[in-house]
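What follows is calculated from the coordinates using simple rules that are stated; it is not laboratory data. Please read these numbers as outputs of a predicted model, since none were measured by experiment. All Cβ positions, even for glycine, are placed from backbone atoms using ideal geometry, and neighbour counts span all protein chains on display.
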Amino acid sequence: MAPKALAAEQPILLGRTVSSLRYYDQPTTSSTELGYYNTDAVINIYETRMGDPLPKNNPLWLRTDEGWVHSATVQFVKDQPAKPIFDIPPQGFLGEVCVPFTQAWINNKGNLKHGYRYYYGTTHWINLATTDSYGNPWYQIVDDLFGGFYYVDATHIRQVLADEVVPIHPDVQDKFIRVVLAEQKIFAYENGRVIFTARCSTGTFAGDTPTGEFKVERKQPSRHMAADEEHGNGFDLPGVPWVSFISWTGVSFHGTYWHNDYGTPRSHGCINLTPAAAKWIYRWTTPNIPIESNHVEASDGTRVIVE
């Protein structure tokens, strides 16, 4: 039977299913299948455990109210609504979704229609705050790829504060990053010593993530990424957080909200990281970018070696 949570037991995490997901009575796909969650189900997580030895890069399973699920397609989230801000600076401000997901709306000549869903941890540039006829607060979000505006519940986005993006160790001159494709890991070095490492997900196919020596050439705290590719391999991902580009082709370090399968190649060529790890890289590398800016470029950014 499913491992039902005790009444007094509190979840240690919340999760959002990024796709439909089957749950089992034990942390293995060889156990009894009990049912499935739909996409964007918000689930309580009571325990994490190493389950099946395969896939070996990510054997982590999660115990929910209904059973055990594999972690690869569960985004860890929080549900912490924020107080709306109506004093918007002239340049706008960077906001981060602070609930599992929020519905964005398009104002079509006074008629609202569904836009994107924005997910926990995604970042967006906000340039206007308003209220509707019922007094509900809304933020206007600028779409940095296709143009136009979207409107979201202002309590679902928190302001990113300046002290969250203060550069890390800005006085250190000898910095570089190694991306080791065979290990699906990144290593950050200062003066020849590793000070940070994280699992990543690089290109699914050989050559997707180019090897060689690069530099961080530009940064954006938020980027709408999309591509219309052949063979059904396209994507449309608004609000990708903490983007540090290393190539004019668009290869970058960035936070990821559409999977939780780090250690496994599964990108279109970028270096997928958890939002926390991507934010650390964003802060640690040069060029530095102030909180009031949404874009910076430089020719002498931090060195990156992909091998």
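Assign one of three labels to the stretch 33-177, namely rounded, prolate or oblate, based on the Cα gyration tensor with a ≥ b ≥ c the square roots of its eigenvalues; rounded applies when a/c is under 1.5, prolate when it is not and a/b is larger than b/c, and oblate otherwise. Present the calculation step by step, with values, prior to reporting the outcome.
Values: a/c = 2.41, a/b = 1.34, b/c = 1.79.
Note, shape of the stretch 33-177 comes out oblate.
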- Task: Rank by packing, highest mean first: peptides 18-29, 62-73, with packing defined as the count of other Cβ atoms within 10 Å averaged across residues.
- Result: 62-73, 18-29
- Among Gly115, Gly239, Gly92, residue whose mean-square fluctuation peaks in a GNM of the chain (springs only between Cα atoms under 10 Å): Gly115
- Taking neighbour counts of Cβ atoms within 10 Å as a proxy for exposure, in what order, fewest first, do Cys98, Cys200, Cys270 appear? Cys98, Cys270, Cys200
- Message: Test of understanding: in a Gaussian network model of the chain with alpha carbons linked when under 10 Å, which of Glu96, Glu47, Glu297 would top the mean-square fluctuation ranking?
- Response: Glu47
- Item | Additional length obtainable on full extension of the chain from Glu213 to Lys109, 0.36 nm per residue less Cα span | 32.5 nm
- Projected label distance in nm at Glu297 and Thr249, using a 7 Å step from Cα toward the beta-carbon: 2.0 nm
- Note on the structure: Rounded to 0.05, the calculated FRET efficiency for the beta carbons of Asp163 and Asp132 at R₀ = 22 Å is 0.10
- Just grab the label-to-label distance for Gln10 and Gln173, each label 7 Å out from Cα along the Cβ direction, in nm (one decimal). 5.0 nm
- Specify which residue in the list Thr32, Tyr46, Thr73 is farthest towards the positive end of the charge dipole of the stretch 13-77, using unit charges on the beta carbon of Lys, Arg (+1) and Asp, Glu (-1), about the Cα centre. Thr73
- Item | Under 29 Å, Cα to Cα: Lys pairs in the chain, sequence gap 8 or more or different chains | 22
- Selection of chymotrypsin sites (Phe, Trp or Tyr not before Pro), the stretch 178-235, meeting DSSP coil and at most 13 other Cβ within 10 Å: Phe205
- Item | Antiparallel content of DSSP bridges confined to the chain, in %, to 5 | 90 percent
- Go through 125-135, 218-228, 156-166, 246-256 and give me the packing order, highest mean Cβ count within 10 Å leading. 246-256, 218-228, 156-166, 125-135
- Which whole-number percent gives the relative contact order of the stretch 175-306, counting Cα pairs below 8 Å spaced six or more residues apart? 33 percent
- Note on the structure: Quick calc: nm separation of the 7 Å Cα→Cβ label points for Asp65 and Phe187 -> 4.5 nm
- Message: What FRET efficiency comes out for Glu33 versus Asp87 if R0 is 35 angstrom and r is the Cβ-Cβ distance? Round to the nearest 0.05.
- Response: 0.10
- Query: Using +1 on the beta carbon of Lys and Arg, -1 on that of Asp and Glu, and nothing else charged, what's the dipole of the stretch 1-107 about the Cα centre, debye to 20?
  - Reply: 140 debye
- Task: Before anything else, pin down the relative contact order of the stretch 1-130: Cα pairs under 8 Å, at least 6 apart, normalised by residue count, whole percent.
- Result: 22 percent
